Structure formats: structure tokens, C-alpha cells
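A.B. asks: Next up is a structure, given as C-alpha cells.
The values are calculated or read from the model by the stated rules, or taken from the named source; none is laboratory data. Note that the structure is predicted; figures quoted are calculated from it, not measured. So basically every Cβ, Gly included, is an ideal-geometry build from the backbone, and we count neighbours across all protein chains shown. Each accessible area value is taken on the protein alone, full model and side chains, heavy atoms only, with ligands, DNA and RNA left out. Shrake-Rupley method; radii C 1.70, N 1.55, O 1.52, S 1.80 Å.
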Amino acid sequence: MNNLRSTFLRAICVLCFGISIFAQSGEEIIRQERFFYDSLKEKNLGVLPGLFLDNFHGIFGGGYIDRDAEIEGFESAVLLDYRFSEIIVKFPAETVGIIMYRSYIKGTSKGLEVTGESYRTSTWVKNDGKWKMILHTDVPVGETLANINKRKDNKNMNFIGIATSIYKVSDLDKAKDWYSKAFGVKPYFDEPFYVGFNINGFELGLQTEDEQSSTKGNASVSYWAVKDVKATVAEFIGLGATEHEPAADVGGGVVVASVKDPWGNIIGIIHNPVFTGATK
């Protein structure tokens, strides 16, 4: 009986000790997550690379980005305020912690407004005694189910917006370099068969021409929202593009223009005050 009681007490102690360790680790991960946002807010960018593992990836509406692209994006980010709520921390393994939470972010990225609420998840891995991030996801808080049900007969609810615009090119390497300069961002996906750029949540894709590509850029035109149409056209032409349609005010403050890239694809450019989310 005494042996049984002793064994039971030891099991209770081990269980309590384990709970205490995991609680402490949970607090560490929450502190790490907040430290990241505090450092970004204070523009203490030098410490941020040390928070990410080399094989880190971030997943957003426009696709995924690697560690280099994530760190590069911090340079143009301005974080004015942030708040966490509904925090949950899970440990699928002793050295792996996952924090899930609802966040409110106020700030800008590359001069564009990014204020809003999201559900975010960060996966941290303990590496050489330190927690480092290996994965981060960001899902904007969407409409409530009640609002969706009110619009269930509206066919527009099936269409979210343009997700990807793909251009056919004869030289993928040269086109990758040209579009990197034209849009001021490196590709998040770079393979011999496809190159993808994350343009503030929308994807610009490049593909090599195939035998079925009988026309270049004439079937349809995708328009990229900008603050200043004329200035953007001038920048593109300075990089070797040619004017296709000059900038024109088509009414209601909407200004449109288009250029052709060196491979003949038409790139539409637009400023539309109705859709302020992309042009603030």
C-alpha cells in the first residue's frame, strides 16, 4: 500500500512539474511574439532577423514568402499600434510551440494602409535553447455569418477579386529582373517554370511562352491600383516599357493608363477613389 501511495504521489509531482514547464514556455512564446511587434514598432530592426529560422516562411493572402522577403518587408513597415486578444498556446512537441491569437494592427506597409484585424498563428521552435519562428500565417477577420447569409442570393459573393495576373514572356530570367525593378519587390516564388510576386496581397505571375501563346497581352488587361498613375507610367517607361494608352481621367476621379512591357504584355494602371483600400 505504501509503495502504491508513493508511486501515485510521484506521478502527481511529475504531472504538476510538466504543467508548470509548459505554462512557463507558453509565457515565453507570448513574450517572444510581443517582443517582435514591440521591436517593429520601435524600429529596432537589427534584432528581428535573429527571431527567425533560416527556413522560415510566412503565409498571407497573396501566397507565401521566405525569410529574406519577410525581413526585407520590415524596412517599409510602420507599426503605430497593436493589440492581442483570444490568445491560445499549444505544444505539439516539447520544442515546438504554436501561438494563435486575434490581432488589431494599425500602420502602413510601403505607404499603404494595413490597419485591421486578423487571426494570426506563429509556430516557434526551440533552437539551441532559444525560441525562433519557423512559420507565420495571417488571415484577415472576415464578414460575420449573418452578413453572408443576408447576401446569399447575390452572385457577387462568389467573387472575391483579382488574385493573380499572369504575363507570358520569352525570357523568364530577364523578365524576373525587369518586374522586380518595375514593382520594387523580389519574387516570393522563383522556379524555372513560374515566377510569382506578392504585390501587396495580389499575385503577379510570369510564365514562359508556349506554342499555344499566339497573342501577347491582348486578350484581357489587369489594372494595378496606384496612388499616382502618371508617375507610375513614367517609372515604367524609364525601365524600358512603352506607352500603350496615355493617362486619362475617365470620370469620377478615376484615372487609367497602360504600358507594354518589353515582351508586349499590356500592364494596366489605375487610380480609383472608390476602391480606397489599395490606393490610400
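A.B. asks: Work through the residues other than Val195 whose Cβ is under 13 Å from its Cβ and net out their charges, Lys, Arg +1 and Asp, Glu -1.
C.D. replies: Local net charge: -2.
A.B. asks: Please report the projected area of segment 26-71's Cα convex hull averaged over all directions, in nm².
C.D. replies: The Cα convex hull of segment 26-71, projected and averaged over all directions, gives 3.8 nm².
A.B. asks: Right, here's the next one. Beyond a 29 Å Cα-Cα separation, which of these cross-linked pairs lie in this structure: Lys106/Lys186; Lys41/Lys227; Lys186/Lys260; Lys43/Lys132; Lys168/Lys227; Lys106/Lys174?
C.D. replies: Lys106/Lys174, as the Cα separations exceed 29 Å there.
A.B. asks: Leaving ligands and nucleic acids out of the surface, order Lys126, Lys176 by accessible area at 1.4 Å, largest first.
C.D. replies: Greatest to least solvent exposure: Lys126, Lys176.
A.B. asks: With every protein chain kept in the model, how would you rank Ser103, Ser180 by accessible area, 1.4 Å probe, largest at the top?
C.D. replies: Greatest to least solvent exposure: Ser180, Ser103.
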